[in-house]
Amino acid sequence: MLVKLDSETYPDTYFAGAYWGPRKESPEECARRTAGFLNLLAECDPFLAHWYKPAKSRRDARKHPLMPPDMPTLAEMFRRGVNRERGGPVFEDLGFSFWFDNGGTRRDCAALRIHCGGYAEAFSNSCFLSLPSEGANAERIFTASVLAEVVRSMALAWEPEWVSALSRTHRDLDDKDGKADVWLGWVTYLARHRGSVPPLPAPVRIEPVEDKGTLIILTPERFTVANPEHVALARRVRELLVRAGLMPPISV
């Protein structure tokens, strides 16, 4: 899908994000979850099987692969990403951050931003995967089957409250005022403890993720906000999930 900005047309961009509340974890525990996630992600698509440590240039980065995952290396990267004021003490309750990508070009790149181990009150941990915006890799990944496996991988590795895979235009449609606590994506995961997913209208597909939660896949074809039937379906599904207590209503 293309979006128009300032009289120019750009490809829409997709992402998948997993989110969970306060959870105290060490750099080693964050590394273990990351290693498991990277191994699961590699099975989703070949484009998601190569990752590199941050470096000054892409050429330098390719000299330092993160695959196969090495626990001491990942733990050290999280340790370096501790939250602190310059020259001041470490804020342990704010956890650790780690950014890296798969060495692709500007519009043909996947990148991961992980923030975990935070346990401050009302803190939000996350794993955010940005995806390529155009090209053969984007076309191959932007399918219900691949994105469902990406979301499933996030759910298994991070045990989050929720996960959503969607385009940015879809997110802006679902959360116009930026007040939604959970985004309803093309593919969405909701943790089991939130409650049971009710029957949803066709063509929505519901799949279990082991004993952890549920995947909700809105359409087998690519979801696009340009399709009024897709938009109407998403609104109906959100209404049903709010009514079932699985999603809080969007505050106004």
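The values are calculated or read from the model by the stated rules, or taken from the named source; none is laboratory data. Model, not experiment: these values are computed from the prediction. With ideal geometry, Cβ positions are generated from the backbone for all residues, glycine too; neighbour counts draw on all protein chains shown.
Segment 1-84 holds helices (runs of 4 or more DSSP H) entirely within its bounds, and those carrying 2 or more residues that are at pLDDT below 90 and assigned by TED's automatic domain parsing to the domain that holds residue 121 map to 58-61.
Residues that are out of contact with any His (no Cβ under 9 Å at 6 or more places or on another chain) and among the aromatic types (Phe, Trp, Tyr) were ranked within segment 134-187; the one that is nearest to residue 208 (Cα to Cα) is 162. Scanning segment 88-104 for residues that are closer than 12 Å to residue 47 by Cβ and either at pLDDT 90 or above or hydroxyl-bearing (Ser, Thr, Tyr) (or both) gives 101, 102.
Taken together, 237, 187, 209, 242 contain a single residue that is among the hydrophobic types (A, V, I, L, M, F, W, C), in contact with a Phe, Trp or Tyr (Cβ under 7 Å, 6 or more places away or on another chain) and under 18 Å from residue 163 (Cα atoms), which is 209. For segment 158-192, give me each residue that is in contact with a strand residue (DSSP E or B) (Cβ under 8 Å, 6 or more places away or on another chain), assigned to a helix (DSSP H, G or I) and not basic (Lys, Arg). Of everything in segment 158-192, those that are in contact with a strand residue (DSSP E or B) (Cβ under 8 Å, 6 or more places away or on another chain), assigned to a helix (DSSP H, G or I) and not basic (Lys, Arg) turn out to be 158, 169, 174. In segment 224-245, of all residues being part of a helix (DSSP H, G or I) and among the hydrophobic types (A, V, I, L, M, F, W, C), the one that is surrounded by the fewest Cβ atoms within 10 Å (Cβ to Cβ) corresponds to 232.
Condition check ((1) in contact (Cβ under 8 Å) with a residue 60 or more places away in the chain; (2) farther than 17 Å from residue 92 by Cβ; (3) part of a helix (DSSP H, G or I)) across all residues:
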site	(1), (2), (3)
122	yes, no, no
138	yes, yes, yes
145	no, yes, yes
148	yes, yes, yes
151	yes, yes, yes
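Going through 207, 221 one at a time, which residue ends up being part of a loop (DSSP other than H, G, I, E, B), charged (D, E, K, R) and either surrounded by 20 or more Cβ atoms within 10 Å (Cβ to Cβ) or touching a residue at least 40 places away in the same chain (Cβ under 8 Å) (or both)? From the options 207, 221, the qualifying one is 221. Looking only at segment 95-136, residues that are over 22 Å from residue 64 (Cβ atoms) and touching a strand residue (DSSP E or B) at 6+ places or on another chain (Cβ under 8 Å) come to 11 in all.
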